[in-house]
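Structure, as structure tokens:
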Amino acid sequence: LIVEDEPLIASGISCCLEELGHKTVGIASTGKEALEMAPALKPDLILMDINIPDLDGIIVMERLSKVISVPCIFLTGYSDQDLIRRASRVNSYGYLIKPVDVNDLNAAINIAIQRSKEMHEKERSLIQSRQALEDRKIVERAKGILMDQYEMQETQAMRFLQKKSRESNRKLPEVAKEIVEFE
């Protein structure tokens, strides 16, 4: 998604993207348009001008980051340190000063997409790790209940849970949760 209020510049960026093998899914010329288009279009990347009508591009990205997770490369004519600091606080994966060279754009896009993939993979891994920890806690609680109420050894309690899991064709944490909830 290109967010640029100058039609000629937006068209030029779009041509550069096509030349690089990418597809432009939309062009927004205001902050409000970008806020509407991005969630609907779900782009892989946003190329955002900072100085656009309605809202500046940094504010747009702050708002978008609450709705969707999409990397952004800021394309702007300003190299002001305050803008760079503000841009670094949002989902920014690059900051290029206009006019943008096609080679610089290509490098920034490739790096942004790769970093975004890595970030999503880390997030997914973190979610899986948290779930595994929660599953482990519930299994341990169920084993403790079985050990206390039925005077089982830990290995016996675990075998019991595994057997129930196999017999009911359900995952071990589901069986353990049922025991904990029953208790």
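Among the listed residues Lys66, Lys122, identify the single one that is assigned to a loop (DSSP other than H, G, I, E, B), among the charged types (D, E, K, R) and surrounded by fewer than 15 Cβ atoms within 10 Å (Cβ to Cβ).
Selected residue: Lys66, the only one of Lys66, Lys122 that is assigned to a loop (DSSP other than H, G, I, E, B), among the charged types (D, E, K, R) and surrounded by fewer than 15 Cβ atoms within 10 Å (Cβ to Cβ).
For (1) touching a strand residue (DSSP E or B) at 6+ places or on another chain (Cβ under 7 Å); (2) farther than 19 Å from Ala38 by Cβ; (3) without any contact (Cβ under 8 Å) to a residue 24 or more places away in the chain; (4) among the polar types (S, T, N, Q), each residue gets a yes or a no:
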site: Ile73; (1), (2), (3), (4): yes, no, no, no
site: Gln81; (1), (2), (3), (4): no, yes, yes, yes
site: Ser88; (1), (2), (3), (4): no, yes, yes, yes
site: Val100; (1), (2), (3), (4): yes, yes, no, no
site: Asn103; (1), (2), (3), (4): no, yes, yes, yes
site: Gln114; (1), (2), (3), (4): no, yes, yes, yes
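Please find, within the range 95-116, the residue that is most open to solvent (accessible area, probe 1.4 Å) out of those that are within 18 Å of Leu64 (Cα to Cα) and assigned to a helix (DSSP H, G or I).
Going through the qualifying residues, I end up with Ile113.
When the residues of the range 69-94 are filtered to those that are in a loop (DSSP other than H, G, I, E, B) and hydrophobic (A, V, I, L, M, F, W, C), which remaining residue is most open to solvent (accessible area, probe 1.4 Å)? Break it down stepwise before answering.
Filtering the range 69-94 for residues in a loop (DSSP other than H, G, I, E, B) gives 69-71, 77-80, 89-91.
Now narrow it down to the ones that are hydrophobic (A, V, I, L, M, F, W, C): 70, 90.
Numbers: Val70: 4, Val90: 21 Å².
Looking at residues that are in a loop (DSSP other than H, G, I, E, B) and hydrophobic (A, V, I, L, M, F, W, C), I get Val90.
Residue check: is Ile46 hydrophobic (A, V, I, L, M, F, W, C) and farther than 21 Å from Gly21 by Cα?
Considered against the rule, which asks whether it is hydrophobic (A, V, I, L, M, F, W, C) and farther than 21 Å from Gly21 by Cα, Ile46 comes out as no.
If I ask for residues that are loosely packed, with under 13 Cβ neighbours inside 10 Å and either part of a helix (DSSP H, G or I) or at pLDDT below 95 (or both), which ones from the range 163-183 would you list?
Residues satisfying the conditions are Lys163, Arg166, Glu167, Ser168, Glu181, Phe182, Glu183.
The values are calculated or read from the model by the stated rules, or taken from the named source; none is laboratory data. Source: prediction; values computed, not measured. As a convention, Cβ positions derive from the backbone with ideal geometry for all residues, glycine included, and neighbour counts pool all protein chains shown. The area values use the complete protein model at the heavy-atom level, side chains included, leaving out ligands, DNA and RNA. Shrake-Rupley method; radii C 1.70, N 1.55, O 1.52, S 1.80 Å.
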